[in-house]
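Here's the structure, in structure tokens; my notes come after.
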Amino acid sequence: MRAAATRSSRGALAGLALAAMVLFVGVPGPGTAADPPAASPAPAPATLATAAPSDTGLLTTPEQRARYQALAEQLRCLVCQNQTLADSNAELAADLRRQVETMILAGRNDGEIKSFLVERYGDFVLYRPPMQQNTWLLWIGPFALLVIGALVWWRIQGRGRAGEAPDLERARRLLDE
Amino acid sequence: MKSLRFVLPVAIFAAIAWFLLKGLDRDPREIPSPLIGKPAPMFSLPVTHDLSRTWSPEALRGQVWLLNVWGSWCAACQVEHPLFNDLAKAGTLPIVGLAWKDMPDNSIAWLRKLGNPYAVVVSDIKGGVAIDYGVYGAPETFLIDKHGVIRFKQVGPVTPEVLRTKLLPLVRQLQDS
């Protein structure tokens, strides 16, 4: 009776595993078929992103354009907050892009341009928050949580191994009865 | 040890719940301005009603005044406008209008329709001065003290509540000092 029960539960498990396999194997099938057409539109946004932001054509040398592009991707559009200056079509973003361009033309370095914007709009314009007193928790937090999680896991593991022996003994005793 | 097992998850839950609850009534669009407590940026802009003249904040040195950034294209500006009309009628303090990225003719037509509470209106057609003030959306309102220092900034329309609980008490305090 007991053996039959374990067999049937094993059967159910096997069935589940099979179902899972079918699911997982089933997904890539149509995916691979769809891959070639999906690959072609991908480069389009990239070319758009490099073409769109420089709307004034003030910058001529490749170095200037590269610096401008890098800056526009690190600075936040304050109107549509989850977009960079490079991505945004907001009017303010266009104004700020022009500001960045004119400052590059005026020979200001990247640090000066960033601090110009931070002085006016706060640290929030920087997509990458600076490491400072009010942001250390933001930077350290995830790693601290990871360490805590690892410690908890390690403790539970340790306890499990220590508790295994008496449990097995108890189970054997019960079976013998 | 046993009690810790119970207290710790509850404490963690309470901490997360507290932060999430606090997050509910915080407006993510409201970015703290780094300009508060700093001198209001200087500018010289054409007067909207007489473009041959220019106006600079220097003219109001020694007075407490409001700088209201608006535009005839801005719907939310119409919401707060009656409050400024009332303030102007009461003669509480001079209000300067900064018509942001707005054609002077449109600004003037808008003011003719809705009333002109401004001691002077200046036109920032290209938006350069707005960038200096860290403006990212209209309306925005700055309170500037006798020494030309920005003491308060309202992002979005000034509401009767903000006026009563924050702006007016601060105005009185600054005028008396």
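Computed from the coordinates by the stated procedures, all read-outs in this text should not be read as laboratory data. Here the structure is a predicted model, which is why all the values come from computation and not from measurement. As a convention, Cβ positions derive from the backbone with ideal geometry for all residues, glycine included, and neighbour counts pool all protein chains shown.
Take the conditions (1) more than 19 Å from B:Leu163 (Cβ to Cβ); (2) in contact (Cβ under 8 Å) with a residue 60 or more places away in the chain; (3) within 14 Å of chain A (Cβ to nearest Cβ); B:Cys74 misses just one of them, which is (1).
Taken as a whole, segment B:75-88 holds no residue that is outside any helix (DSSP H, G or I) and either under 19 Å from the mean Cα position of the chain (by Cα) or not aromatic (Phe, Trp, Tyr) (or both). Among the residues that make up segment A:135-145, is at least one of them away from chain B (no Cβ under 14 Å), in contact with a helix residue (DSSP H, G or I) (Cβ under 7 Å, 6 or more places away or on another chain) and among the aliphatic types (A, V, I, L, M)? No, the conditions are met nowhere in segment A:135-145. The residue that is nearest to the other protein chains (Cβ to nearest Cβ), counting only those in segment A:119-132 that are among the aliphatic types (A, V, I, L, M) and closer than 10 Å to A:Leu75 by Cβ, is A:Val125. The number of residues in segment B:77-135 that are among the hydroxyl-bearing types (Ser, Thr, Tyr) and surrounded by fewer than 20 Cβ atoms within 10 Å (Cβ to Cβ) comes to 1. For segment B:28-37, the criterion of being without any contact (Cβ under 8 Å) to a residue 60 or more places away in the chain and either surrounded by 11 or more Cβ atoms within 10 Å (Cβ to Cβ) or within 30 Å of B:Val158 (Cβ to Cβ) (or both) is met by at least one residue.
Residue-wise test of (1) of a type in the set (S, T, N, Q); (2) free of Cβ contacts under 8 Å to residues at least 60 places away in the same chain; (3) within 12 Å of chain A (Cβ to nearest Cβ).
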| residue | (1), (2), (3) |
| --- | --- |
| B:Leu67 | no, no, no |
| B:Ala90 | no, yes, no |
| B:Leu98 | no, yes, no |
| B:Pro104 | no, yes, no |
| B:Ala109 | no, yes, no |
| B:Val121 | no, no, no |
| B:Gly137 | no, no, yes |
| B:Thr141 | yes, no, no |
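When segment B:22-42 is examined, which residues are found to be within 13 Å of another protein chain (Cβ to nearest Cβ) and in contact with a helix residue (DSSP H, G or I) (Cβ under 9 Å, 6 or more places away or on another chain)? Working first, answer last.
Initial filter on segment B:22-42 (within 13 Å of another protein chain (Cβ to nearest Cβ)): B:27-41.
Those that are within 13 Å of another protein chain (Cβ to nearest Cβ) and in contact with a helix residue (DSSP H, G or I) (Cβ under 9 Å, 6 or more places away or on another chain): B:Ile31, B:Pro32, B:Ser33, B:Pro34, B:Leu35, B:Lys38, B:Ala40, B:Pro41.
Here are A:Arg98, A:Arg128: which of them is in a loop (DSSP other than H, G, I, E, B), basic (Lys, Arg) and surrounded by fewer than 21 Cβ atoms within 10 Å (Cβ to Cβ)? Reasoning before the result, please.
Numbers: A:Arg98 fails: in a loop (DSSP other than H, G, I, E, B).
Answer to the selection: A:Arg128.
Where in segment B:1-70 are there strands (runs of 3 or more DSSP E), lying wholly inside it, with at least 2 residues that are closer than 18 Å to B:Phe152 by Cβ?
Values: elements: B:45-47, B:50-55, B:65-70.
Answer list for segment B:1-70: B:65-70.
For segment B:160-169, the criterion of a residue being within 16 Å of B:Val64 (Cα to Cα), in contact with a strand residue (DSSP E or B) (Cβ under 8 Å, 6 or more places away or on another chain) and more than 14 Å from chain A (Cβ to nearest Cβ) is satisfied by at least one position.
Tallying residues that are within 9 Å of chain B (Cβ to nearest Cβ) and crowded, with 21+ Cβ neighbours inside 10 Å within segment A:75-95 yields 3.
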